[in-house]
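Only one structure is covered here, and it is reproduced in the block below.
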């Protein structure tokens, strides 16, 4: 799933989630919880909107916010290969949540 709707760059240069974006992610997180989805690891880019999205999912699914992995390999200018190499360090995990995307390990 993609991060929630962000504020415009004019409103907020760091582009945090808008109130609607927070509500979107919360609804999705609640749906994941109702489906008994859980994650061994949550990974996010350092961008505000993706971090906030990951934190909402983590909080809703009782995942420790302190254990969210933040990586620059999820920035728009990073290559897919960089992220794949990063993921290789988590071979022991079965289910990952990455920058608002669920990815099987």
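Values quoted throughout were computed directly from the atomic coordinates according to the rules given, and no laboratory measurement underlies them. Please read all numbers here as calculations on a predicted model, not as lab measurements. Methodologically, a virtual Cβ is constructed for each residue, glycine included, from the backbone with ideal geometry; neighbour enumeration extends over all protein chains shown.
Starting with the highest mean, order 76-86, 61-71, 15-25 by the number of other Cβ atoms within 10 Å, averaged over the residues of each peptide.
Put in order of decreasing packing, that is 15-25, 61-71, 76-86.
Roughly what would the spin-label model give for residue 38 and residue 70, points 7 Å off Cα along C-beta, in nm?
Rounded to a tenth, the inter-label distance reads 2.7 nm.
Which percent of Cα-Cα pairs in segment 19-104 sits in each 5 Å bin, short to long?
3, 15, 27, 26, 17, 9, 3, 0
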